[in-house]
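A.B. asks: Have a look at the structure that comes next, please.
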Amino acid sequence: MDKDKESVKGELNAKQLLFCNYYVSNDTFGNGVQSYCKAYDIDYSDVKTQGQARHSASMLLNNVNICKHINNLLDEAGLNDNFADKRLLFLITQNEDKATCLNAIKEYNKLRARITDKLEVTGTFDISLKLE
């Protein structure tokens, strides 16, 4: 997997790498526009550039290599399946907020396919049996 991380990283330019780093940083976590403005040194307060920044950030977030690198950064920071499982376990086992506990149990059951959402099927069906 380290090879994949390096190959993706090598396909991004310095500004794109900076954008990814800002995107996962505490200051601008998950905010593509602010991350773009910081990475490309654009004044976010200028209304004229906000639209362009929004468009450019959207384009970057649709780039497969950018998304892979962001996922790698999040994984390295510990935001992965193991982390989510631990948080879910914490929510299930906490005793303070029963509604949160119940929702966590429901989520766990969905993940384990122990519960399926009810589906309603309507329509007409033609069933013919051939008896011999």
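The values are calculated or read from the model by the stated rules, or taken from the named source; none is laboratory data. In this text, all values refer to a predicted model and were calculated from it rather than measured experimentally. Cβ coordinates were reconstructed from backbone atoms using ideal geometry, including for glycine residues, and neighbour counts include every protein chain displayed. Accessible surface is based on the protein model in full, side chains and every heavy atom, while ligands, DNA and RNA are left aside. Shrake-Rupley method; radii C 1.70, N 1.55, O 1.52, S 1.80 Å.
A.B. asks: Of GLY78, LEU89, VAL8, which is farthest towards the positive pole of segment 1-97's charge dipole, taken about the Cα centre with +1 and -1 on the beta-carbons of Lys, Arg and Asp, Glu respectively?
C.D. replies: It is VAL8, whose Cα lies furthest towards the positive end.
A.B. asks: Next question, about the same structure. What does the convex hull of the Cα atoms come to per residue for segment 38-80, in Å³?
C.D. replies: Convex hull volume per residue, Cα atoms: 84 Å³.
A.B. asks: Starting from the Cα-Cα distance between ASN109 and THR122, subtract it from 0.36 nm times their residue separation and give me the gain in nm to one decimal.
C.D. replies: 2.0 nm
A.B. asks: Taking 0.36 nm per residue of sequence separation and subtracting the Cα-Cα distance, how much length would be gained by fully extending the chain between ASP85 and LEU17, in nm to one decimal?
C.D. replies: 21.6 nm
A.B. asks: Report, in degrees rounded to the nearest 10, the 0 to 90 angle that the Cα long axis of helix 98-111 makes with the longest principal axis of the chain.
C.D. replies: For helix 98-111, the angle is close to 80 degrees.
A.B. asks: So how many Lys-Lys pairs in the chain land under 23 Å Cα to Cα, not counting same-chain pairs under 8 apart?
C.D. replies: 18
A.B. asks: OK, next. Give me the angle, in degrees from 0 to 90, between the Cα long axis of helix 64-76 and the longest principal axis of the Cα atoms of the chain, rounded to the nearest 10.
C.D. replies: Between helix and principal axis, roughly 80 degrees.
A.B. asks: Let a ≥ b ≥ c be the square roots of the eigenvalues of the Cα gyration tensor of segment 40-132; is it rounded (a/c under 1.5), or, if not, prolate (a/b larger than b/c) or oblate?
C.D. replies: It is oblate, given that a/c is not under 1.5 and a/b is not larger than b/c.
A.B. asks: Assuming R0 = 25 Å, can you tell me the calculated FRET efficiency for the pair LEU74 and LYS98, based on Cβ-Cβ distance, to the nearest 0.05?
C.D. replies: Result of the calculation: an efficiency of 0.20.
A.B. asks: So what's the angle, to the nearest 10 degrees on a 0 to 90 scale, between helix 14-23 and the longest Cα principal axis of the chain?
C.D. replies: Helix 14-23 sits roughly 50 degrees off the main axis of the chain.
A.B. asks: With the full set of protein chains in place, find how many percent of the accessible area of the chain is carbon and sulfur; take the probe as 1.4 Å.
C.D. replies: With neighbouring chains kept in place, the figure for the chain is 52 percent.
A.B. asks: Specify which residue in the list TYR22, ASN103, ILE127 is farthest towards the positive end of the charge dipole of the chain, using unit charges on the beta carbon of Lys, Arg (+1) and Asp, Glu (-1), about the Cα centre.
C.D. replies: So the residue furthest toward the plus end is ILE127.
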